[in-house]
Amino acid sequence: MKHLSNSLIKSFIVLLALFCSTSTLQATEVHLRQNGIVYFIWYETDNHGNITVTNCFVGGHDPELSGNIIIPSNVTYEEKQGSRGKKFTVTADVREIGNGVFSNCKGLTGITIPPTIQRIGDSFTGCTNLKSISLPSSVTQIGADIFLNCTSLETATMSNVETIPTNAFYNCTSLKHFTIPESVTTIGVYAFCNCTGLESVTIGEHVTEISSCAFMKCSSLTEVSIPSSVELIDFGAFFECFNLETINSYSPTPPECRDFDAKILEKATLHVPVGADKIYSKTYPWKNFKHIIADLQP
């Protein structure tokens, strides 16, 4: 009995210790305004008072915001608690720029984005005076319509995004040159549609799909090089790119392609790898190019 009693006591002590050590998490959302920008912070507090930040993103701005703005790497939320006014603080890395945050912000001309940002939503739609933007390598995801109708955007750089999404640069009529980074696998529907000032585009070596109407109405585009990684060029990808003079297709096997404009087939010269002219000449729609030259090194 004595042995049993001691065992019960030990078991009770172990259970009590486990119960006391179990943390109950309380989720909290706060927001703060800094230099005309609103930040939202989510954090969790356990029953020992330990704080874990789960997210922090840019969620809004003052209507009069204008000029070049700087997003900081982190922000700090402070408040006084209790009758004695004890200060409570939470510091969080800014990880996202939320959907629609700067949409139609006509006064925005430039923005500095910190290397803590991982995702940007459709945040700059209609920012008609935004002239340049550079996304740090930490950004891997951007939202559809992100730069839709940014008609003054002249330069945009990114190095690690996974997809150029739908309507990403739709109607960015001042964009002249763009490099699609090696991290990208898909160029989305209407991604560069109506970029009438686009003179050159470099397509990364890991792109596998150029979606429908991706470069439609890019009327200043005279040459395009399609890397050997591309497996599909969907309907109307280069529709009404009537000034295209040179198309370089680096794959020894013709990628699946839905169509090309009759004017492009008539006017542009298709360059293919050495020895691949026969297979291109037998494959639709490549066979419809009036001029095919096999002079590329695969």
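Things worth noting here:
- Counted residue by residue at 0.36 nm each, then reduced by the alpha carbon distance between them, the extension gain from residue 222 to residue 202 reaches 6.0 nm.
- For the stretch 205-221, backbone phi angles converted through the Karplus equation (6.51, -1.76, 1.60; θ = phi - 60°) give residue-by-residue couplings of 6, 10, 5, 10, 9, 10, 6, 3, 6, 4, 10, 4, 6, 7, 6, 9, 6 Hz, Gly and Pro being listed as x.
- Neighbours of residue 161 by Cβ distance under 13 Å: Lys/Arg scored +1, Asp/Glu scored -1, total -1.
- Under 15 Å from the Cα of residue 106 - aspartates and glutamates, other chains or at least 8 residues apart: 62, 64
- Anisotropy class of the stretch 93-214 from Cα gyration tensor, a/c 1.5 cut: oblate
- Subtracting the Cα-Cα distance of residue 232 and residue 32 from their residue separation scaled by 0.36 nm leaves 67.4 nm.
- Set of aspartates and glutamates near residue 263 by C-alpha distance (under 13 Å), chain-local residues within fewer than 8 positions excluded: 240, 245
- The chain: relative contact order as a whole-number percent, Cα under 8 Å and 6+ apart: 8 percent
- Couplings 3J(HN,Hα) of the stretch 273-286, computed from phi: x, 4, x, 9, 5, 5, 5, 5, 6, 10, 10, 6, x, 4 Hz, in residue order, whole Hz [Karplus 6.51 cos²θ - 1.76 cosθ + 1.60, θ = phi - 60°; x for Gly and Pro].
- Long-range amide H partners of residue 61 with built H, under 5 Å: 38
- Size of electric dipole in the stretch 157-224: Cβ of Lys, Arg +1 and of Asp, Glu -1, about Cα centre, debye, nearest 20: 280 debye
- Charge tally around residue 130: other residues with Cβ under 12 Å, Lys/Arg +1 each, Asp/Glu -1 each, net +1.
- Which labelled figure in [x] 135; [y] 145; [z] 174 is volume of the Cα convex hull per residue in Å³, once derived from the coordinates: [z]
- 222 nm mean residue ellipticity, helices alone, for the chain (DSSP H n ≥ 4; -39,500 (n - 2.57); rounded to 500): -3000 deg cm²/dmol
- Theoretical gain in end-to-end length, residue 282 to residue 66 [0.36 nm per residue, Cα-Cα removed]: 72.1 nm
- Under 16 Å from the Cα of residue 87 - aspartates and glutamates, other chains or at least 8 residues apart: 78, 79
- Within-14-Å neighbourhood charge of residue 55 [Cβ basis; K, R +1; D, E -1]: -2
- Subset of 217/282; 267/287; 217/290; 131/176; 176/287 violating a 19 Å alpha-carbon distance limit: 217/282; 217/290; 176/287
- For residue 294, the amide hydrogen comes within under 5 Å of the amide hydrogens of 272, counting only partners 5 or more places away or on other chains and with H modelled in the peptide plane.
- For the stretch 31-49, backbone nitrogen atoms closer than 20 Å to the point 7 Å from residue 129 Cα along Cα-to-C-beta are found at 35-38.
A short reminder: the numbers here are calculations on the coordinates, not readings from a lab. Source: prediction; values computed, not measured. Note: ideal-geometry Cβ built from the backbone for every residue, glycine included; neighbour counts use all protein chains shown.
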